[in-house]
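Working notes, structure below.
The values are calculated or read from the model by the stated rules, or taken from the named source; none is laboratory data. Note that this is a predicted model, so its numbers are computed, not measured. Every residue, glycine as well, gets a Cβ built from its backbone with ideal geometry; the counts of neighbours run over all protein chains shown.
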């Protein structure tokens, strides 16, 4: 039975007005921010090292050691190692989340055995929103859980998973639940109200074995649309607020699709080991393949996601290969490599990264291009 609550479908105008005095809305409904909030996450960094932050929070469970070699990084890698960017960093093969600043890991959050981190956000208030396949949760820098949604982990057709989430303002979360059927949901984290609960069209047979590969990344855009990566159906689909398709881009195994501020869409094709930027007509305007990297910097496993920075650079995230190869590579628009991070002693594999000193308020759709 369709449970969509059409009266509560989110509009970007309403979201912007609810976020706070730091933002204003332009006539085209594109949020902008005051200069004091250009990089709001950086103002929260000190909270993560405050005396009241425990080494292990009440909801944490120690994660097993990583299954990699801890081999030293090759000498002479471009960039400044961990010192290049303050960042929030997760990988789906390791259940420890990392916060990096000033060239070192300053905070971690551990979630024990199992799989997998796929999406993570630091909000302007310092809270962190993340998915861990079995659930999506929001925690404070002090490691207190302020909201959590648990999937049904029973076997068979009841089994559900979550691999993507996005804050919409400071009181709403959009996420997709893989299942039979898959559903897109928006929940008010303050009241618990389910504001959107919509069954997503899915072309494959309703077989439990298809659940895991249904969706990875989904994003709510600045236009108020939903951008969905159909991982196992080889397409990216954009849906309007009434869930009618308005744009489709065929591409093999799209793990992540990101609507850029220039109106193009950046898509990571895991199978073909490439990332492609396409314009609204679907034409390729920029593409980066693993073979575009010098051989010594190439990924052992294809990137799953990437982030587009305000300066035009792109950072690719890779799970590596059991401690081999780089986790992050940053390239300029001309494909010049400016940073290679290969650090298996301090970090695990990389599935997603949020660069914290890049301009934008994360909970305003479209401002954080990660």
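Table for the structure above
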item	result
Candidate set from the range 195-210 (those that are surrounded by 15 or more Cβ atoms within 10 Å (Cβ to Cβ) and in contact with a helix residue (DSSP H, G or I) (Cβ under 9 Å, 6 or more places away or on another chain)); member that is farthest from residue 167 (Cα to Cα)	202
Any hit, the range 68-82, residues being in contact with a strand residue (DSSP E or B) (Cβ under 6 Å, 6 or more places away or on another chain), modelled with pLDDT of 95 or more, crowded, with 20+ Cβ neighbours inside 10 Å and part of a strand (DSSP E or B)	no
The range 333-349: number of residues that are in contact with a strand residue (DSSP E or B) (Cβ under 6 Å, 6 or more places away or on another chain), within 26 Å of residue 264 (Cβ to Cβ) and surrounded by fewer than 22 Cβ atoms within 10 Å (Cβ to Cβ)	3
From the options 146, 177, residue that is part of a strand (DSSP E or B), out of contact with any helix residue (DSSP H, G or I) (no Cβ under 7 Å at 6 or more places or on another chain), surrounded by 22 or more Cβ atoms within 10 Å (Cβ to Cβ) and free of Cβ contacts under 8 Å to residues at least 60 places away in the same chain	177
Any hit, the range 104-116, residues being exposed (fewer than 13 other Cβ atoms within 10 Å of the Cβ) and out of contact with any strand residue (DSSP E or B) (no Cβ under 9 Å at 6 or more places or on another chain)	yes
Search result, residues across the range 221-244 that are more than 15 Å from residue 263 (Cα to Cα) and out of contact with any strand residue (DSSP E or B) (no Cβ under 7 Å at 6 or more places or on another chain)	232, 233, 241, 242, 244
Residue within the range 300-317 that is without any contact (Cβ under 8 Å) to a residue 12 or more places away in the chain, under 23 Å from residue 103 (Cβ atoms) and over 18 Å from the mean Cα position of the chain (by Cα) present	yes
The lone exception for residue 325 - which of (1) within 20 Å of residue 101 (Cβ to Cβ); (2) at pLDDT below 95 it fails	(1)
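Conditions tested, residue by residue: (1) assigned to a loop (DSSP other than H, G, I, E, B); (2) in contact (Cβ under 8 Å) with a residue 60 or more places away in the chain.
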| site | (1), (2) |
| --- | --- |
| 184 | no, no |
| 197 | no, yes |
| 222 | yes, yes |
| 227 | no, no |
| 232 | yes, no |
| 236 | no, no |
| 246 | no, no |
| 252 | yes, no |
| 256 | no, no |
